[in-house]
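Student: Here it is, the structure in full.
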Amino acid sequence: MWPLNLFFASKSRNADTKMMKTGFDNEKYLKIQSEHIRDRIAQFDGKLYMELGGKLFDDHHASRVLPGFKPDSKLRMLAQLRDSLEIVIVVSADDIEKNKVRADLGITYDEDVLRLREEFQSRQFMVGSVVITHYNGQHAADQFRHRLERMGIRSYVHYLIDGYPHNVELIASEDGFGKNDYVETSRELVIVTAPGPGSGKMAVCLSQLYNENKRGIHAGYAKFETFPVWNLPLKHPVNIAYEAATADLNDVNMIDPFHLEAYDKIAVNYNRDIEIFPVLNALFEGIYGVNPYKSPTDMGVNMVGFCISDDEVCCNASREEIIRRYYDATNKLADGADNEREVNKILLLFNQAHITTAYRRVTVAAAAKRELSGHTAAAMELSDGTIITSKSSPLLGCSAALLLNATKHLAGIPHEARLIPQSLIEPVQKTKTEYLGAHNPRLHTDEVLVALSVLSQGDERCRRALEQLPQLKGCQVHSTVMLSEVDRKIFKKLGCGLTCDPVKKK
């Protein structure tokens, strides 16, 4: 066991190599990515349908594994092409019928279509229409289409095609893509996006290619997906972190065999794109007579690998992300999810990345604090590598105590100083337990922050402690117990990277 003084207000000699350094040139990315898309448009008749994978807003996975990548980088890049692009939002009729919900936002896919449209328009992007895919007369889809009509939003339907995607002869015919509504677009770059996976983005793009070709327009198709990074090694931590992020889908990174055969060059793609490429090849040949692409990697327009400025920083951040994904998966398992396969997949990725959970310094620090104190504990790694720890007490949970300890350290306030007097905490505890029926009397993080806010009006130390909260953005946190939803949300709002042992509070 490490000595306690290594964990409270301590700093590792090499901690700076793992925290807060930039490893990605975001400005270079904005420039060369937009240039590459312009070049791709020029390869065709001035019309390109680009399938957009991953998150367009708030791409926090990319910003975690590529420090320096801004969560809105894709939007900022597309803003450079704003005058020449329009957006088509795709949603599956099956997902509407089933009231499918986005887990991260807690809203249904049809509601997310409207949210996405509003978000795009608030940034002055043109949203041309909504396409409802997998349509087979679903009543909920009809109702949603009527709602779009009342809102003045153009909508189209694309139908289920028997044998899709393998029945190429039927698909590339008037009884296949020919039955779909032709989506009217007016700009040279059409971004096709959706609330989530499985919505039918690729099928919409290919259907449009078929119907554009009927009209004498030789339109093109491209795929804009950040991960895996095709020009990084297969077992590079950034690519392993992508596998960890999609462990629930069982995606597997692979060497693109078509790219290797065509160019004698190694490129990384993932199983689904590689498996579907022979079908896409046949579809392109069915539409145009020839496929302009020799491999699934050729279809991509991802330049992110050329913008890594410090490989070591990105490798370290990616190893942290793999561990974070492991804790997310084990927490879901502890909550009753049937995801043992996901957990086991990430454990295999640990071996590939040559790490254990001990690679994450706050994990080790929190465990040592728990062992030494005999109570649930938490640890935070600040931007300069300093480790702050805390434990639960009769008054405060370990996460609430951690916020106090961290802000006191940053404000130069002695650790032994009590910012919130016991006389203020006890009445709050009484209200929680006697009047609100709570079983846990300890203060949560939000309650501690409210108390600090109230006290800051007359206490200079509380005011100084509150002023340190912005410095917690990007800091890493680990708890030896699964935190409440309230505490998790507070750390998320503060911008902290939180992990928890898969142990429920008693």
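Student: Just name one of Phe306, Leu333, Ile322: the one whose Cα is farthest towards the positive end of the charge dipole of region 304-348 (beta-carbon charges, Lys/Arg +1, Asp/Glu -1).
Tutor: Among Phe306, Leu333, Ile322, the one farthest towards the positive end of the dipole of region 304-348 is Leu333.
Student: A further question on this structure: Give or take rounding to whole Å, what are the principal axis extents of the alpha carbon atoms in region 322-473, in descending order?
Tutor: Largest first, region 322-473 extends 54, 40, 28 Å along its Cα principal axes.
Student: By how many degrees, between 0 and 90 and to the nearest 10, does the Cα long axis of helix 139-150 differ from the longest principal axis of the chain?
Tutor: 90
Student: Now for a separate question. What is the distance in Å between the Cα centres of region 45-97 and region 243-278?
Tutor: 21
Student: Filter the cross-link list Lys235/Lys492; Lys28/Lys294; Lys47/Lys492; Lys70/Lys430; Lys100/Lys430; Lys332/Lys473 down to pairs whose alpha-carbon distance in this structure exceeds 32 Å.
Tutor: Working: Lys235/Lys492 30 Å; Lys28/Lys294 28 Å; Lys47/Lys492 40 Å; Lys70/Lys430 44 Å; Lys100/Lys430 40 Å; Lys332/Lys473 25 Å.
Exceeds cut-off: Lys47/Lys492; Lys70/Lys430; Lys100/Lys430.
Student: Pop out the carbon and sulfur fraction of the accessible area of region 392-506 as a percent, whole number, probe 1.4 Å.
Tutor: Working: 3280 of 5900 Å².
It is 56 percent, rounded to a whole number.
Student: Return the long-range amide H neighbours of Tyr135 (sequence gap of 5 or more, or a different chain), with a cut-off of under 5 Å between placed amide H atoms.
Tutor: Distant-sequence amide H within range of Tyr135: Ala93, His158, Tyr159, Leu160.
Student: Continuing with the same structure: Based on Cα coordinates alone, diagonalise the gyration tensor for region 446-506, multiply each eigenvalue by 5, take square roots, and list the semi-axes in whole Å, largest first.
Tutor: 25, 14, 8
Student: For helix 109-122, what angle does its Cα long axis make with the longest principal axis of the chain, in degrees from 0 to 90 and rounded to 10?
Tutor: 90
Student: With the alpha-carbon atoms as the only input, what is the per residue convex hull volume for region 115-206 in Å³? Each step should come with its number before you reach the end.
Tutor: Details: hull volume 10.6 nm³, N = 92.
Roughly 115 Å³ of hull volume per residue.
Student: Rounded to the nearest whole Å², what accessible area per residue is found for the chain with the 1.4 Å probe? Let's see the in-between values first.
Tutor: On the way: 22710 Å² over 506 residues.
Per-residue value: 45 Å².
Student: Between Thr480, Asn351, Tyr156, whose Cα lies farthest towards the positive end of the dipole of the chain when Lys and Arg beta carbons carry +1 and Asp and Glu beta carbons carry -1, centred on the Cα centre?
Tutor: Thr480
Student: Heavy atoms of the protein only, probe of 1.4 Å, neighbouring chains included. What is the accessible area of Leu170 in Å², nearest 10?
Tutor: Approximately 50 Å² for this residue.
Student: When each pair of different Cα atoms in region 295-350 is counted once in the 1/r mean, what is the Kirkwood radius in angstroms, to one decimal? Write out the running numbers ahead of the final one.
Tutor: Values: mean 1/r = 0.0734 Å⁻¹.
Its Kirkwood hydrodynamic radius stands at 13.6 Å.
Student: For region 223-282, I need the span (max minus min coordinate) of the C-alpha atoms along each principal axis, in Å, sorted largest to smallest.
Tutor: Its Cα atoms span 31, 22, 18 Å along the three principal axes.
Student: Taking the Cα centre of the chain as origin, sum charge times position over the Cβ atoms of Lys and Arg (+1) and Asp and Glu (-1), and report the length of that vector in debye to the nearest 20. Let's see the in-between values first.
Tutor: Details: 62 positive and 66 negative charges, 403 e Å.
Dipole about the Cα centre, nearest 20: 1940 debye.
Student: Restricting to the chain, what percent of DSSP beta bridges are antiparallel, rounded to 5?
Tutor: Numbers: 17 of 47 bridges.
Around 35 percent antiparallel, to the nearest 5.
Student: Follow-up question, since we're still on this one. Which shape class applies to region 109-164: rounded if a/c is under 1.5, otherwise prolate when a/b exceeds b/c and oblate if not, where a ≥ b ≥ c are the square roots of the Cα gyration tensor eigenvalues? Walk me through the intermediate numbers first.
Tutor: Numbers: a/c = 2.44, a/b = 1.76, b/c = 1.38.
Prolate.
Student: If you don't mind, another one. To the nearest 10 degrees, how steep is helix 398-411 against the longest Cα principal axis of the chain, on a 0 to 90 scale?
Tutor: Approximately 80 degrees, to the nearest ten.
Student: Still on this structure: Just flag the chymotrypsin sites (Phe, Trp or Tyr not before Pro) in region 130-239 sitting in loop per DSSP whose Cβ has no more than 15 other Cβ atoms within 10 Å. Don't jump to the answer; show the numbers that get you there.
Tutor: Numbers: sites: Tyr135, Phe144, Tyr156, Tyr159, Phe177, Tyr182, Tyr210, Tyr221, Phe224, Trp230; in loops: Tyr182, Trp230.
Sites meeting the loop and neighbour criteria: Tyr182.
Student: How large is ³J(HN,Hα) for each residue in region 80-89, as worked out from phi by the Karplus curve 6.51 cos²θ - 1.76 cosθ + 1.60 (θ = phi - 60°), to whole Hz, x for Gly and Pro?
Tutor: Going residue by residue, I get 6, 10, 3, 6, 10, 10, 9, 10, 10, 9 Hz, with x marking Gly and Pro.
Student: If you average the alpha carbon positions of region 293-331 and of region 415-461, how far apart do those two centres end up, in angstrom?
Tutor: 41
Student: Check which residues have an amide H placed less than 5 Å from Met254's amide H, if you skip close sequence neighbours.
Tutor: Excluding prolines and chain starts, which carry no amide H, the hits are Asn269, Tyr270, Asn271.
Student: If amide hydrogens are placed 1.01 Å from N in the peptide plane, which non-local residues have theirs closer than 5 Å to the one on His218?
Tutor: Asp45
Student: Classify region 216-327 as rounded, prolate or oblate, taking a ≥ b ≥ c as the square roots of the eigenvalues of its Cα gyration tensor: rounded when a/c is under 1.5, otherwise prolate if a/b is larger than b/c and oblate if not. Don't skip to the answer; put the middle values down first.
Tutor: Working: a/c = 2.37, a/b = 1.98, b/c = 1.20.
Verdict is prolate for region 216-327.
The values are calculated or read from the model by the stated rules, or taken from the named source; none is laboratory data. These numbers were taken from a predicted model, which means no experiment stands behind them. FYI the Cβ positions are ideal-geometry reconstructions off the backbone, even for glycines, and counts take in every protein chain you see. These area figures cover heavy atoms from the full protein model, side chains too; ligands, DNA and RNA do not enter into them. Shrake-Rupley method; radii C 1.70, N 1.55, O 1.52, S 1.80 Å.
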